[in-house]
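Here's the structure, in structure tokens; my notes come after.
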Amino acid sequence: MKKQILTFVVASLFMVYPTIAFGVHYSDGNLLQEVCSEAIKLFDSRDEADVFNAGNCFGYIRAANDMYEVMVNNSNRTICIPSGISGKQLIRIVDKYLKEHPEKLHNVATLLVYEAFQESFPCTEQRPEK
């Protein structure tokens, strides 16, 4: 079952983000922070924002959230995102995490999104073993 989920997630990434196949991706938190800061500017209307980069951030965070949704039936999950959380809220959570952990910006961006979600939405109840 775990192998099927992993295969599905990897295949989905290649469909959603075909640039990954060509080596163009968010390799670390530095680029993710750069594009997500544009999303924050757009949300807050403080400055002129790069709408393209803001959209890239939104897409990346939503895709990470979608991957979480695919794995939601996994009994070993450590993230429990409540229903009703908006994409805007998820971006703010990731942006805050990146700003609070600049020493991790060299890490893989997907891992950083996962860590931000895990810190903000830890599962509080134990699920029964299958």
Give the shape of the range 26-120 as rounded, prolate or oblate, defined through the alpha-carbon gyration tensor: a ≥ b ≥ c are the square roots of its eigenvalues, a/c under 1.5 means rounded, and otherwise the shape is prolate if a/b is larger than b/c and oblate if not. prolate
Report the paramagnetic label zone for residue 51: residues of the range 75-106 whose backbone N is under 19 Å from a point 7 Å from Cα along the Cα-to-Cβ axis. 88
Using a simple charge model, +1 on the beta-carbon of Lys and Arg, -1 on the beta-carbon of Asp and Glu, nothing else, what dipole does the range 26-120 show about its Cα centre, in debye to the nearest 20? 280
Could you tell me the relative contact order of the range 26-120? Use alpha-carbon pairs under 8 Å, at least six residues apart, and round to a whole percent. 39
Please arrange 66, 50 by how many other C-beta atoms lie within 10 Å of their C-beta, fewest to most. 66, 50
Full extension between residue 103 and residue 28 adds, at 0.36 nm per residue less the Cα distance, a length in nm of 25.8 nm
For the pair residue 89 and residue 65, the simple spin-label estimate (label points 7 Å beyond Cα toward Cβ) gives in nm 0.9
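Readers should treat all values here as calculations from the given coordinates under stated rules, not as data from a laboratory. The structure presented is a predicted model; accordingly, all values stated were derived computationally and were not measured. Every residue, glycine among them, receives a Cβ derived from its backbone with ideal geometry; neighbour counts consider all protein chains shown.
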